Amino acid sequence: MDTAELLKSIKVGEPYEIITTWQGVPVRTKQKVRWVSVPDRLISFDFSDCKFKRAFSNEKVYVRLGELYLECDIFSNIRDELVLHVNMVSPPPPMVMREFVRVEPSESKPVYVSFCAGEDCIVSAKAVDVSESGVSVMLSKEDVAKLFSMLNSAEGEAYHKTFSMVIKLPEEGSISALGELKSILNKDEGIYFRLGFKIELKPADLKKFRSYIMKRQREILDKLRSL
């Protein structure tokens with residue numbers, strides 16, 4: 001079924017699940033459709049009773065239609081109406097398929113990550129987001145050069161290298177992890193780089209980490225409801 005046929009199948013007045021993320025946390029809500037424009041690929045939702053309006057502002061939005069999803073951009077989110085522009089039929093989005101919840105640490109209570117290869121270390125890098133299975137950090141161009149020097153590797157050879165890591169949580173204290181470098185993304189024209197690590201934790205440290213993630217998820221959703 002193509003995009004036009006799916007749009008024609010949407011029933012005005014019926015609720016549909018729409019999904020996005022807010023600070024890394026999946027946000028799902030069911031809202032009633034006000035109108036659909038098939039030629040313009042637009043769907044309007046009644047947002048008058050939605051508790052999570054602020055979440056629908058910048059990120060991609062997905063509309064669930066049974067086992068299919070429509071990937072959308074936000075066309076308008078003024079007052080009590082959310083209008084989405086449909087891009088394409090999509091497989092289940094990442095926030096649906098993701099096994100573990102990913103959260104962004106608070107700016108006022110950051111999470112710091114230090115990691116070492118042999119005797120060389122990069123200390124107190126700020127975590128961008130964390131989950132039970134991984135952590136992402138932002139490094140300067142200089143620190144990335146130091147990383148490659150630590151590994152005695154070029155960028156393409158650095159993937160899957162392992163590090164001993166210390167993750168410092170705001171209240172739960174420090175935990176140890178074994179990290180495997182999975183991704184390096186260029187940010188801000190090469191001034192900063194985002195590095196993603198897959199991590200392994202001991203059971204006691206996993207319990208602390210899980211406690212932090214659950215608490216942070218509640219904080220994010222509570223703040224969203226209050227906006």
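For the stretch 105-126, a residue qualifies if it is of a type in the set (Val, Ile, Thr), outside any loop (DSSP other than H, G, I, E, B) and either surrounded by 19 or more Cβ atoms within 10 Å (Cβ to Cβ) or not assigned by TED's automatic domain parsing to the domain that holds PHE193 (or both), and the qualifying residues are VAL113, ILE122. Within the stretch 181-199, the only residue that satisfies the criterion of being among the β-branched types (Val, Ile, Thr) and out of contact with any Ser or Thr (no Cβ under 9 Å at 6 or more places or on another chain) is ILE184. Taking the stretch 147-227 and the strands (runs of 3 or more DSSP E) fully enclosed by it, the elements with 3 or more residues that are hydroxyl-bearing (Ser, Thr, Tyr) are at 173-187. Scanning the stretch 45-61 turns up no residue that is surrounded by 14 or more Cβ atoms within 10 Å (Cβ to Cβ) and over 23 Å from SER226 (Cα atoms).
Take the conditions (1) in contact with a Cys (Cβ under 6 Å, 6 or more places away or on another chain); (2) under 30 Å from ARG28 (Cβ atoms); SER164 misses just one of them, which is (2).
The values are calculated or read from the model by the stated rules, or taken from the named source; none is laboratory data. Just so we're clear, the structure is a prediction, and the values are computed from it rather than from any experiment. Positions of Cβ are backbone-derived with ideal geometry, glycine not excepted, and every protein chain shown enters the neighbour counts.
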